[in-house]
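Below is one structure, written out as structure tokens; the observations come after it.
The values are calculated or read from the model by the stated rules, or taken from the named source; none is laboratory data. All values derive from a computational prediction rather than experimental measurement. Heads up, the Cβs are rebuilt from the backbone with ideal geometry, glycines too, and the neighbour counts pull from every protein chain shown.
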Amino acid sequence: MFTLGIDSGSTTTKGVLFDGEKIVRTGILPTSANPRDSIHKLYQSLYNDEVAYTVSTGYGRELLETADKQITEITCHARGAAFLNPTIRAVVDIGGQDCKAVLLDNGLNVVDFIMNDKCAAGTGRFIEVMMRILEEDIKNIDSFVEGHEPINITSMCTVFAESEIVSLLAKGADKGDIALGIINSICRRTSFFAQKLNLTGDIFFSGGLAQFEIFRSTLESYLKIPVHTSPLSQYAGAIGAAVIGYNKVKRQA
Amino acid sequence: MQIKKELPEIFNDFGEMRKKSFMAAYELKQKDIPFVGTFCTYFPQEIALAMGACVVGLCSTSDETIPDAEKDLPRNLCPLIKSSYGFAKTDKCPYFYFSDLIVGETTCDGKKKMYEYLGEFKPVYTMELPNSQSPIALELWTKEVIKLKEKLESHFGTTITEDDIRKQIRIMNKVRRAMKEFYSLMKLEPVPLLGQDMFKVLYGSAYKFDKEALPGEIHALVEKIKAEYEQNPNKYPKAPRILVTGCPLGGGADKCVKAIEANGGHVVCFENCSGAKSFDREVDESNPDVYAAIAERYLSIGCSVMTPNRNRIELLDRLIDEFHIDAVVEVTLQACHTYNVEALSIKRFVNEKKGIPYMAIETDYSTSDIGQLNTRMAAFIEML
């Protein structure tokens, strides 16, 4: 028996198959202009006869009519993070269009959360826009900034930061230095934001940016609390959805 | 003075709904009833009612007139202030338009400065509300209540007697008791009605101008709801019981309450201006000094403009226990400094002293954040 968790995010759609102990399959697609197509495509690629329960999450969670249940990304991210690393007591997720911090209790239940869903600054979109100006692929970010000195990016707003970078480039500033400055900027902002919650225990960092070591280590240096990731960090929401689905099936049996 | 009786020039450009509400106000004006426009629960209604005036609430909660207001006011100002000012400027609100005198109070910084501009094109009188509830503050506020009486007498060329005031105190206390009886229905578990419907009654009661008839109407409604509940107590399934607190919401409450109730929660209590805050305390009928009695009652209102604001905590404490609240949602308006700053102390009180979850939402009157609101409320209720 499997359960399926699908996370329809603003930038990517992620899905996992769970057998009650481990994640047996994962799938990821860029979320297209028609998110309904993306979520259905991923569903079809992962679904099989042994799937007993499907939970959808993310901002497009309502687009999958065949899902047995829809749960918000807050609850799913928390559950997924706790599954990947049961020692953590908080989750920081930098998503494509929002950013959230979730506080867990010792039983790994959500006790508080905050969301920034009003401004692109402090989200994955900020990095995306800046990398486009630098004409660099985010995939190589770790090696790209290695050994560089960060340039301070002062603008809080994505649009103003963009013009700040354009003028830095015009002055001949090094692209790696600028990129590191951008990373510092988003990590600093994220840590200020997350510290509005009373963070004490270790933190799990999820979302697409969590796969890059430079984001994890920079975030950790601002938060001054151990920050963990996992190779499956980007799937945390989908994993949480599948785990919750599995528990529901077990409880019904 | 002559009270305003004619319809505005732009009346014919209005839609049907707006024409209807203008006509309702127009009918009252034809009976020579003066209108006193107010903004705040601190306004001592009994004084204006004692001269036979209609007390009309002018707090506006629609973003329709905000662009007009932003020609004069800063953009990053509370939407309630901008919306209200915008309606005053554009003559689109019947109560604003027909108000023969508008009374404001020095409540928050945004409002008191807005009144200065409002006074340029409307008859405005501003009462000096103290920022604290000390004995000296009470002394000042008592004098301000007397000054208001004198202002109304001179502005409208009338006399307000203490007996008239005493009569209105008794009437308004009956209204308060009736409203309390109504919202106390929500102590029932499961609930007899939806929070969004309860709010309509609470908010709507401010626009029922026959205050003597109001308690009877509310009582009949209570009896009707009770009878229906006896027939079918499980109309609404059991759900987490939410208390809503924070800024004055008016019509703007709609989207937040709907987001809570569409995602598995149930709003059983409103602490806000349209809710318990307005009705919880009565004026002491046994006090021979009517002005002192009124001043004491109104100054005790626990709004975040007060420092410290212990009465809000005291009321929340009681409401959380009485209504068996599972979680508190605070709704604040963007750029409402006093409520936004006070949110932290409310969170601490709710989490630490009452041991239940708390969530704050900062919003405005637009519909742009409905998607995010729904996700936030769904996640909050999943957590309970």
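Here are a few things to note about the model shown:
- Filtered residue count, region A:44-63, keeping only those that are surrounded by fewer than 24 Cβ atoms within 10 Å (Cβ to Cβ) and outside any helix (DSSP H, G or I): 10
Table: residues versus (1) within 8 Å of chain A (Cβ to nearest Cβ); (2) on the phi > 0 side of the Ramachandran plot; (3) assigned to a helix (DSSP H, G or I); (4) without any contact (Cβ under 8 Å) to a residue 12 or more places away in the chain.
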| position | (1), (2), (3), (4) |
| --- | --- |
| B:ASN340 | no, no, yes, no |
| B:ILE346 | no, no, yes, no |
| B:GLU352 | no, no, yes, yes |
| B:ILE356 | no, no, no, no |
| B:ALA360 | no, no, no, no |
| B:THR367 | no, no, no, no |
| B:GLY371 | yes, no, yes, yes |
| B:ASN374 | no, no, yes, no |
| B:ALA379 | yes, no, yes, yes |
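- The lone criterion from (1) over 19 Å from A:LEU84 (Cα atoms); (2) in contact with a helix residue (DSSP H, G or I) (Cβ under 9 Å, 6 or more places away or on another chain); (3) not in a helix (DSSP H, G or I) left unmet by A:PHE192 is number (3).
- Residues satisfying the stated conditions in region B:25-44, i.e. out of contact with any Gly (no Cβ under 7 Å at 6 or more places or on another chain) and either outside any helix (DSSP H, G or I) or not assigned by TED's automatic domain parsing to the domain that holds B:THR61 (or both): B:LYS31, B:ASP32, B:PRO34, B:PHE35, B:VAL36, B:GLY37, B:CYS40, B:THR41, B:TYR42, B:PHE43, B:PRO44
- Count of residues meeting criterion [touching a residue at least 12 places away in the same chain (Cβ under 8 Å), within 14 Å of chain B (Cβ to nearest Cβ) and not in a strand (DSSP E or B)] in region A:110-156: 4
- Scan region A:37-72 for residues that are without any contact (Cβ under 8 Å) to a residue 40 or more places away in the chain, more than 13 Å from chain B (Cβ to nearest Cβ) and touching a strand residue (DSSP E or B) at 6+ places or on another chain (Cβ under 9 Å) and the total you get is 7.
- B:ILE301 in contact (Cβ under 8 Å) with a residue 40 or more places away in the chain, touching a strand residue (DSSP E or B) at 6+ places or on another chain (Cβ under 6 Å) and either assigned by TED's automatic domain parsing to the domain that holds B:GLU46 or assigned to a loop (DSSP other than H, G, I, E, B) (or both): no
- Residue in region B:317-332 that is part of a helix (DSSP H, G or I), more than 14 Å from chain A (Cβ to nearest Cβ) and buried (at least 18 other Cβ atoms within 10 Å of the Cβ) present: yes
- Any hit, region B:196-203, residues being surrounded by 18 or more Cβ atoms within 10 Å (Cβ to Cβ), assigned to a helix (DSSP H, G or I) and acidic (Asp, Glu): no
- Qualifying positions in region A:202-253 - among the hydrophobic types (A, V, I, L, M, F, W, C) and surrounded by fewer than 19 Cβ atoms within 10 Å (Cβ to Cβ): A:ILE225, A:VAL249, A:ALA253
- B:LYS112 being among the basic types (Lys, Arg), under 30 Å from B:GLU282 (Cβ atoms) and outside any strand (DSSP E or B): yes
- Test: residue in region A:89-100 that is crowded, with 20+ Cβ neighbours inside 10 Å, within 10 Å of chain B (Cβ to nearest Cβ) and under 18 Å from A:ASN198 (Cα atoms): yes
- Residue within region A:73-85 that is free of Cβ contacts under 8 Å to residues at least 24 places away in the same chain and surrounded by fewer than 21 Cβ atoms within 10 Å (Cβ to Cβ) present: no
- For B:LYS255, the test of being outside any helix (DSSP H, G or I), assigned by TED's automatic domain parsing to the domain that holds B:THR332 and in contact with a helix residue (DSSP H, G or I) (Cβ under 9 Å, 6 or more places away or on another chain) is failed.
- Hits in region A:157-182 - residues which are in a loop (DSSP other than H, G, I, E, B) and in contact (Cβ under 8 Å) with a residue 24 or more places away in the chain: A:CYS157, A:ASP174
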